[in-house]
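A short worksheet on the structure shown next.
The values are calculated or read from the model by the stated rules, or taken from the named source; none is laboratory data. This is a predicted model, so every value here is computed, not measured. Neighbour counts run over all protein chains shown; Cβ positions are idealised from the backbone, glycine included. Side chains are part of the model used for accessible areas, which takes the heavy atoms of the whole protein and leaves out ligands, DNA and RNA. Shrake-Rupley method; radii C 1.70, N 1.55, O 1.52, S 1.80 Å.
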Amino acid sequence: MKAARIHRFGQPDVIVIDDLPRPVPGAGQVLIRIVAAGVGPWDALIREQKSVVNASLPLTLGSDLSGIVEAVNPDVTQFKAGDQVYGVTNPQFIGAYAEYALASAKMIARKPRSLDFTLAASVPVVAVTAWQMLFEYAQAKSGQSVLIHGAGGNVGGYAVQFACQAGLHVFATASSADTKYVRDLGAETVIDYNAVRFEDSVPPVDVVLDMVGGNTRDRSLRIIKPGGILVSVVSDRMHENPPGNVRFVFFLVEVTSERLDKITDLFNQGKLTARVGTILPLEQVRAAHQMLGGAPHKPGKIVLQI
Ligand SMILES: NC(=O)c1ccc[n+]([C@@H]2O[C@H](COP(=O)([O-])OP(=O)(O)OC[C@H]3O[C@@H](n4cnc5c(N)ncnc54)[C@H](OP(=O)(O)O)[C@@H]3O)[C@@H](O)[C@H]2O)c1
């Protein structure tokens, strides 16, 4: 089978297509014939050896997937050959850019009926990240206010949708190209981060969700209400200490079947939309990673069709 691998860390040109034997599912694993694989910023961090997740070489890149179950280990009872699934491979976030991949049965779920395989592969990491930020770490409730940084991005788009549906007052930052998109998702106030300092137009909020980091995150500390929380998925290092009455949390997403099932239900009820941008064949995986690094691409998630 073909797999997009790296034998050394570095720029996108370290990625090569290798021919490998098809893997056999071990304990708790499912073998999936991959139809599509999502491409995300964390794949580039792994390729550059900048990820907080340790992975040893050589490795197959990719974690987000959709496909059809080919075989299961005998200890797996919740899936069978032929099931249409989506999810991620494993806690190392590797292995999905391939014709076949092993996945932990606890990290996949049945694909939403309303999504084709390409759309489904765009969902798992970013939607579950947004879900965990808002509902598990921030414990956000109806009537509270939230500022979502990077709302035009892939995690941000889900954060805006979840927050609006949960009855929060949603303030969002995005580039000018994405302000209409974010407003259409339901955000009350969308700030073009290149034109306006968000501190000048956002009132004190209960929750800040950070998909941007750096200076943007540090400045956000000043507009959080006492008792409020800043949840970041970008880095665990703050340059400024939060005031004593504001909590700060960084976490790594945990994609589980249970969380995916909740997201599947929302898609099947027509309450969520997925946004896929550029779609490329596996052979163009280097181009996909150049897009992660800033090369032009369509807005939305980059997806490889296998
Ligand atoms: N810890 C975890 O488990 C976890 C999980 C998922 C993602 N992440 C991380 O979360 C981050 C976001 O992921 P993603 O997939 O959503 O990336 P993405 O799709 O590239 O979204 C990032 C968004 O931030 C916008 N942006 C850049 N600078 C900004 C600023 N100063 N103010 C407001 N918005 C700004 C970008 O807009 P323009 O490009 O138009 O400027 C883009 O729309 C990445 O760093 C990723 O690695 C972490």
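Some observations on this one:
- Anisotropy class of the range 126-250 from Cα gyration tensor, a/c 1.5 cut: rounded
- Tilt relative to the chain, helix 154-165 - C-alpha long axis, 0 to 90 degrees, to 10: 60
- Candidates A109, A101, A44, ranked by Gaussian network fluctuation over the chain, Cα under 10 Å, top entry: A44
- Overall form of the chain per C-alpha gyration tensor (a/c, 1.5; a/b vs b/c): prolate
- Working from label points 7 Å from Cα in the Cα-to-Cβ sense, the R222 to C164 distance is 3.0 nm.
- Highest-fluctuation residue, Q132, Q84, Q284 considered, GNM on the chain with Cα pairs under 10 Å: Q284
- Rounded to the nearest 10 degrees, the angle from helix 257-268 to the longest Cα principal axis of the chain is 80 degrees.
- Top of H289, H169, H239 by mean-square fluctuation, Gaussian network on the chain, Cα under 10 Å: H239
- Each residue of the range 275-288 was assigned a 3J(HN,Hα) from its phi angle through the Karplus expression (A = 6.51, B = -1.76, C = 1.60, θ = phi - 60°), giving 10, 9, x, 7, 10, 9, x, 3, 4, 9, 4, 5, 4, 4 Hz with x at Gly and Pro.
- Taking Lys and Arg as +1 and Asp and Glu as -1, the other residues whose beta-carbon sits under 15 Å from that of Y137 total -1.
- Förster radius 25 Å - calculated FRET efficiency between Q269 and Q78, Cβ distance, rounded to 0.05: 0.65
- For the range 5-37, the residues whose amide N sits under 17 Å from a probe point set 7 Å from the Cα of Q49 along the beta carbon direction are 6-16.
- The alpha carbon gyration tensor of the range 116-185 gives principal lengths a ≥ b ≥ c with a/c of 1.5 or higher and a/b no greater than b/c, which makes the shape oblate.
- Projected label distance in nm at L20 and A195, using a 7 Å step from Cα toward the beta-carbon: 4.7
- Student exercise, the range 47-140 dipole from Lys, Arg, Asp, Glu Cβ charges, in Debye to nearest 20: 100
- If the segment from E188 to K298 were pulled out straight at 0.36 nm per residue, it would be longer than the present Cα-Cα gap by 37.1 nm.
- The residues of the chain expose on average 43 square angstrom of accessible surface per residue, using a 1.4 Å probe on protein heavy atoms.
- With Cα atoms defining each centre, the range 248-266 and the range 71-136 are spaced 11 Å apart in the structure.
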